[in-house]
Amino acid sequence: MKSRHLTLLITLCVAMNSVTRIAHGKSIETSSRPTLKLDVHPTSWKNAEISKLLKKGKVISMCPMKEHLHSCGKKANFDGEVYFVELDNGLKGVFKSLPKDDLGDAYAEVAAYQASVDLGFPNVPPTVMTEIKGMKGSLQLFVETNVDALDSRIYKSAIQEADAEDVANLQLFYFIFGQWDSGPHNILVLKDQEKTHLIAIDNSGVRNHQRVTYGTLPFVRVCYSDKLQANDWGKPFPFEQAKTIENPTTEKLRKTFGDKLPDSFYQSFKSYGLPFRYVIHQNSLWRQYHAGDEKFMVSHTKHLSDQARKKLEGLNLTKLKKIFAVAKNADFLIPSYFEAILDRRDQVLLYFKEQKRALNK
Ligand SMILES: Nc1ncnc2c1ncn2[C@@H]1O[C@H](COP(=O)(O)OP(=O)(O)OP(=O)(O)O)[C@@H](O)[C@H]1O
Ligand SMILES: [Mg+2]
């Protein structure tokens with residue numbers, strides 16, 4: 001067994017001694033648990049045993065993730081209802097609770113993990129659907145990290161230190177599967193004796209329909225409204241017609257779109273301190289998040305390993321349906337969703353074919 005694996009195994013065994021756990025200020029249970037010998041290092045995440053244990057384990061403690069992060073001296077930067085949980089089998093997890101009538105984000109997280117298993121990249125912690133105390137959502141293996149990616153210096157140096165191939169594969173995954181909400185807030189950095197591992201968390205963005213050309217930022221479908229009357233069915237996505245609203249506020253947006261967009265859009269609008277760049281197409285509003293953010297890293301790479309190329313070439317509708325099996329009744333899973341993933345894959349393969357041709361000239 002490699003030394004890095006041993007370190008993790010020891011950590012896990014220590015965490016499994018008899019303890020009294022406190023959740024929301026209340027002691028829930030005292031238990032003595034058997035030692036579980038399970039390797040939870042990223043190189044073992046393909047092991048379906050981890051997912052089984054995440055599903056089967058009983059929750060013995062649960063606390064809001066922000067509390068947990070602060071107690072470890074880490075920063076917190078997220079909006080959702082996220083909990084740190086401990087299971088009676090020794091595993092620790094991240095539970096993201098969602099409204100029962102919209103579990104799309106959780107399905108997307110599970111599918112992102114399945115995609116990583118199929119492709120062999122990037123590192124996505126094992127993720128399953130679950131129900132805890134009557135709440136439904138996703139449960140992901142909690143990854144103990146020794147540094148905080150929200151510290152911008154650490155994030156930048158981690159990207160430099162990580163294998164170039166891993167970074168390239170991460171970008172390919174982000175682009176093809178449509179994880180547009182990338183960046184330091186959704187990356188964990190794990191350093192061990194062998195290397196720096198980049199871990200892709202919070203992959204719910206893959207559920208969003210989007211249109212993009214390789215090397216640019218995607219336009220993400222935000223909302224649909226019959227009132228937009230775009231009248232452009234069957235027409236290509238009009239990238240060239242993108243418009244920008246500088247210093248956007250809800251008032252400015254209301255002036256532009258009025259009642260053509262639903263109230264829910266205005267209520268949940270956030271500017272993130274950036275211009276609002278958008279396209280109207282097929283009665284939907286498509287937003288180019290991160291437009292105008294100089295620091296944002298576009299999901300693009302000039303490196304494609306033979307292994308990654310073979311995996312991407314092997315992607316097809318049957319495989320995608322298997323990857324997204326968990327989401328088979330979700331509203332986002334319509335034929336054009338799969339077509340868009342395969343289109344992005346084709347764009348990538350074409351880009352590298354042309355690059356090779358240019359080099360051989
Ligand atoms: N698998 C994991 N292992 C360790 N920590 C995690 C894991 N998943 C999430 N976290 C921690 O919990 C925080 C919140 O998780 P996450 O980003 O998935 O939530 P979110 O509410 O969907 O985020 P956002 O506001 O970006 O949409 C992360 O920033 C990270 O600190
Ligand atoms: Mg997040």
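Throughout, read-outs are computed from the coordinates displayed, never taken from laboratory work. Since the model is a prediction, treat every value here as computed from it, not as a measurement. Using ideal geometry, Cβ is built from the backbone for each residue, glycine included, and neighbour counts are taken over all protein chains shown.
A few remarks follow.
- The rule of thumb for compact globular proteins, 2.2 N^0.38 Å, goes into the C-alpha radius of gyration of the range 158-204 1.12 times.
- Calculated [θ] (222 nm, deg cm²/dmol) that DSSP helices of n ≥ 4 give over the chain, each run adding -39,500 (n - 2.57): -10500 deg cm²/dmol
- Dipole magnitude for the chain: computed about the Cα centre from +1 point charges on Lys and Arg Cβ and -1 point charges on Asp and Glu Cβ, it is near 420 debye.
- The protection proxy used here, the mean number of other Cβ atoms lying within 10 Å of each residue, ranks peptides 58-67, 236-245 as follows, highest first: 58-67, 236-245.
- Mean separation of Cα contacts under 8 Å, 6 or more apart, over the residue count of the chain: relative contact order %: 15
- If you plug the beta carbon distance of Q160 and K227 into 1/(1 + (r/R0)^6) with R0 = 56 Å, you get a FRET efficiency near 0.70.
- The count of lysine pairs in the range 218-287 whose Cα atoms are under 15 Å apart, excluding pairs fewer than 8 places apart on the same chain, comes to 5.
- Cross-link reach is defined here as a Cα-Cα straight distance under 18 Å, omitting same-chain residues fewer than 8 places apart; for K321 the lysines meeting it are K311.
- Hz values of 3J(HN,Hα) by residue in the range 110-127 - Karplus curve (6.51, -1.76, 1.60), Gly and Pro given as x: 5, 5, 4, 5, 4, 4, 5, 5, 5, 6, x, 7, x, 7, 10, x, x, 9
- Among D263, D202, D148, residue whose mean-square fluctuation peaks in a GNM of the chain (springs only between Cα atoms under 10 Å): D263
- The range 46-152 shape via C-alpha gyration tensor axes, a/c threshold 1.5: rounded
- Cα centroid separation, the range 289-316 to the range 87-153: 22 Å.
- Net charge of neighbours whose Cβ lies under 14 Å from the Cβ of A162, counting Lys and Arg as +1 and Asp and Glu as -1: -3
- Shape parameters for the chain, alpha-carbon atoms, Rg then Dmax in Å: 21.5, 70
- Viscosity 0.890 mPa s, 25 °C: Kirkwood-radius Stokes-Einstein D of the range 221-315 over Cα pairs, µm²/s: 157
- Within the range 293-335: backbone nitrogen closer than 17 Å to the D102 label point (7 Å, Cα to C-beta): 330-333
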